[in-house]
Amino acid sequence: MPEATTAADVVALISMSLRRERARAGLTLTELARRAGIAKSTLSQLESGTGNPSLETLWALGLALGVPLSRLVDPPSHGIRVIRAGEGPVMHA
């Protein structure tokens, strides 16, 4: 995803990040909302991209997910994978 430049971009990034991290943690909407101390409807709105989270809400969600706040608001970085000569898959024509 390109760098977020508008409010809509930031909301979309947060929405994507919350869904990704909740799935990674294996939590339901209900369980994450309970752990973060927020309403399930609030979390649902945030994940669907229709909510407008406060910093306090994002902080609580980060704590509940066990991730730093930056993981929820920064675009994901693409890792670099180095494959040295002779280490990659062999393909025959």
> Looking at the range 31-49, which of its residues are part of a helix (DSSP H, G or I) and of a type in the set (Gly, Ala, Ser)?
Replying inline: 33, 36, 41, 44, 48
> Which of (1) crowded, with 16+ Cβ neighbours inside 10 Å; (2) at pLDDT 95 or above; (3) touching a Leu at 6+ places or on another chain (Cβ under 7 Å) is the odd one out, the single condition residue 72 does not satisfy?
Replying inline: (2)
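Which of the residues that make up the range 50-72 are assigned to a loop (DSSP other than H, G, I, E, B) and either closer than 12 Å to residue 35 by Cα or over 14 Å from the mean Cα position of the chain (by Cα) (or both)? If you could, list the steps in order and put the result at the bottom.
Our first condition is that a residue be assigned to a loop (DSSP other than H, G, I, E, B); within the range 50-72, this holds for 50-54, 66-68.
Across the range 50-72, the qualifying residues are 50, 51, 52, 54, 66.
Every residue in the range 33-47 that is touching a Leu at 6+ places or on another chain (Cβ under 7 Å) and open to solvent by 70 Å² or more (accessible area, probe 1.4 Å), please. First the steps, then the outcome.
Looking only at the range 33-47, we keep the residues that are touching a Leu at 6+ places or on another chain (Cβ under 7 Å), and these are 33, 36, 40, 43-44, 46-47.
Result: 40, single match.
Does the range 6-27 include one or more residues that are among the hydroxyl-bearing types (Ser, Thr, Tyr), assigned to a helix (DSSP H, G or I) and open to solvent by 30 Å² or more (accessible area, probe 1.4 Å)?
Step one: filter the range 6-27 for residues among the hydroxyl-bearing types (Ser, Thr, Tyr), giving 6, 15, 17.
Those still in the list that are assigned to a helix (DSSP H, G or I) too: 15, 17.
When the remaining residues are screened for being open to solvent by 30 Å² or more (accessible area, probe 1.4 Å), the result is none.
No.
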> Pairs, please: C-beta under 7 Å, at least 6 apart or cross-chain, first residue within 11 Å of residue 14 (Cβ to Cβ) and in contact (Cβ under 8 Å) with a residue 12 or more places away in the chain and in the range 33-55, second among the small types (Gly, Ala, Ser) and exposed (fewer than 15 other Cβ atoms within 10 Å of the Cβ)?
Replying inline: 49/12
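Those residues that are within 15 Å of the chain's Cα centre (by Cα) and hydroxyl-bearing (Ser, Thr, Tyr), I need them from the range 37-49; list them, please. Steps first, please.
Taking the range 37-49 first, the residues within 15 Å of the chain's Cα centre (by Cα) are 43-49.
Those that are within 15 Å of the chain's Cα centre (by Cα) and hydroxyl-bearing (Ser, Thr, Tyr): 44, 48.
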> In this structure, does residue 25 turn out to be within 13 Å of the chain's Cα centre (by Cα) and either modelled with pLDDT of 85 or more or not aliphatic (A, V, I, L, M) (or both)?
Replying inline: yes
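The values are calculated or read from the model by the stated rules, or taken from the named source; none is laboratory data. Computed from a prediction, not measured in an experiment: that's the story for all the values here. Here Cβ is always computed from backbone atoms with ideal geometry, including for glycine, and neighbour counts include all displayed protein chains. Calculation scope for accessible area: heavy atoms of the full protein, side chains included, ligands and nucleic acids excluded. Shrake-Rupley method; radii C 1.70, N 1.55, O 1.52, S 1.80 Å.
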